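Contents: one structure, followed by commentary.
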């Protein structure tokens, strides 16, 4: 399976997101994709021009994230749906920070 590459603008938005989250958030590569980690836990992942964020399917924040324009359950490849993750497109990147913060808080519990 070919991994979709983010555009330069999307990569820049992702880099800015990581920088805004502080020193305990690290950048990594998993599944051939740029990821955001806290400790050893992946909480977000770029897949082309969408950011997948691990929110937990039975949470209110997951439902709120699905209301963002262009959002959907994260699907990094054909027939590979991550049911606890929501993907938010770069066109709605203003929503990336609050939902990533919620994912980080959940991962640190």
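GNM remark for the chain: springs join alpha carbons under 10 Å apart, and the peak mean-square fluctuation among 88, 18, 53 falls on 18. Spacing of the modelled spin labels on residue 3 and residue 107, each 7 Å from Cα toward Cβ, amounts to 1.6 nm. Using only the C-alpha atoms, the convex hull of region 70-109 corresponds to 69 Å³ per residue.
In this label model, residue 83 and residue 69 are separated by 3.1 nm, measuring between points 7 Å along each Cα→Cβ vector.
Each Cα pair under 8 Å and six or more residues apart adds its separation to the average, and for the chain the resulting relative contact order is 24 percent.
Equivalent-ellipsoid semi-axes for region 8-108 (Cα gyration tensor, √(5λ), whole Å, largest first): 17, 15, 14. For region 1-51 and region 55-100, what is the separation of their Cα centres, given in Å? One Cα centre to the other: 14 Å.
Bear in mind that the values in this text are calculations on the coordinates, not laboratory data. Please read these numbers as outputs of a predicted model, since none were measured by experiment. We place every Cβ from the backbone using ideal geometry, glycine too, and count neighbours over all the protein chains shown.
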